[in-house]
Amino acid sequence: MTLILTNEEIARLLPMPNCLARLEQTYLALGRREAANRPRSDIYAPSDEPTRRYIFKTMDAVLPFAGVAALRLNSDVILWEKSGAGVRKDKQPVAPGGKWVGLILLFSTRTGEPLAIMPDGVIQQLRVGATNGVAAKLMAPPDAAVYALLGAGEQAATQAAAMVAVRPLREIRVYSPTRERRERFAAAMSERLGLPVRAVASAEEAVRGADIVGAATNSIRPVLEAEWVAPHAHVSTIRTPEAPPPLLERCRLIVVHTRTWAPANYIVGRGEEPVYAHDPREALGDEHGTTADALESQSRFLSRQPDLGELAAGEVALPPPGSLTCFVNTMGLGVQFAALGALAHERALEQGIGREIPTDWLLETVHP
């Protein structure tokens, strides 16, 4: 039988400490060359408005220790718009019922059969938070007490949960451009995490003096200034543009999620040659091209840094205590979805959660 899970079930099945443990094991396997990814690929097509594009995104991986392969795919309508924090990239919930479309397909490496089909939303949030948490566990000051968090969405929530799990935090200071949103986030996270989460009036107020500085936004421009960051801090980002180049230049150690610095974008009307960029100007249009050249230069610099798998495997020398460090979550990897998808499947079977459909519905007698 093939298991079908919902986001609500996955949220119950995957508490953050379990995600951290599974991903730490996964990055160790990557560092030892015992797992493999195929890089992300995006196909761009026109949508119904000039600032919108349809994007079909895929990434996949094989994780031998869990006995699985996984494909993560998104069928998205994307809108780029200007805001107080710069140009924002937002997925539009335009599927029936005002919903999004993202799936994880999990397969057995023993029989090839489909083990599970599940939405990617909760795992998408958990895998980013837990990945940055693994990096912080290996890089951040051991006694880190104050965490500055830029962002107040679901990605920010999982970042906070991961940092609380790996360091003895006493306070979180959160900033996002909308006062009501940051205050609502602070109140909710204070209750959820059991420690003070304080909304502040500016990014600078959040960052100054913090032991860990986390950016969890969808901005395609830097969201903090280098001079705000304490010399002993660990900086953690979920997007390449969030960290300004002057900050990276100050760091004693930079670790990236992957040295593959951008997805391969295939754009309708541009032929079969891919464009390597996070937000290709050919898809965005000139009015949104902004800092593409500078970002490409920064990304190429980051592609020369050690990656998280190498750090987890002990192949990266850590700087002296009190040094400024940075983890840049350059791009997602299919192995994250393989790891957490497999964990959700294992725990669901143990607890009798989910619905089953006959696997035979998804198999064939015709040689493919």
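What the table below lists for this structure:
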read-out	value
Test: residue in segment 132-141 that is surrounded by fewer than 24 Cβ atoms within 10 Å (Cβ to Cβ), under 27 Å from Arg72 (Cβ atoms) and β-branched (Val, Ile, Thr)	no
Leading residue by the ranking (modelled with the highest pLDDT) among those in segment 297-326 that are surrounded by fewer than 15 Cβ atoms within 10 Å (Cβ to Cβ) and among the charged types (D, E, K, R)	Glu315
Count - residues of segment 55-83 that are within 19 Å of Pro119 (Cβ to Cβ) and either outside the structural domain of Leu23 (by TED's automatic domain parsing) or surrounded by 15 or more Cβ atoms within 10 Å (Cβ to Cβ) (or both)	17
Segment 21-32 residues that are closer than 15 Å to Ala136 by Cα, paired with ones that are crowded, with 24+ Cβ neighbours inside 10 Å and basic (Lys, Arg) (beta carbon under 8 Å, 6 or more apart)	Leu23/Arg127
Only listed residue being at pLDDT 95 or above, assigned by TED's automatic domain parsing to the domain that holds Gln159, under 23 Å from Ala165 (Cα atoms) and in a strand (DSSP E or B), chosen from Arg198, Arg192	Arg198
Residue among Asp76, Asp120, Asp60 that alone is farther than 30 Å from Arg182 by Cβ and in contact with a Lys or Arg (Cβ under 6 Å, 6 or more places away or on another chain)	Asp60
3 or more residues within 30 Å of Leu324 (Cα to Cα) and either under 20 Å from the mean Cα position of the chain (by Cα) or free of Cβ contacts under 8 Å to residues at least 24 places away in the same chain (or both): qualifying strands (runs of 3 or more DSSP E) within segment 57-151	86-91, 146-150
Test for Pro39: is it under 25 Å from Pro241 (Cβ atoms), part of a loop (DSSP other than H, G, I, E, B) and outside the structural domain of Gly151 (by TED's automatic domain parsing)	no
Enumeration of residues in segment 220-277 that are in contact (Cβ under 8 Å) with a residue 60 or more places away in the chain and assigned to a strand (DSSP E or B)	His234, Val235, Ser236, Thr237, Leu253, Ile254, Val255, Val256, Ala264, Asn265, Tyr266, Ile267
Only one of Gln125, Gln155 that is surrounded by fewer than 24 Cβ atoms within 10 Å (Cβ to Cβ), over 30 Å from Pro368 (Cβ atoms) and in contact with an Asp or Glu (Cβ under 6 Å, 6 or more places away or on another chain)	Gln125
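The values are calculated or read from the model by the stated rules, or taken from the named source; none is laboratory data. None of these values were measured; they are calculated from a predicted model. Don't worry about glycine lacking a Cβ; one is built from the backbone with ideal geometry, like all the others, and counts go over all protein chains shown.
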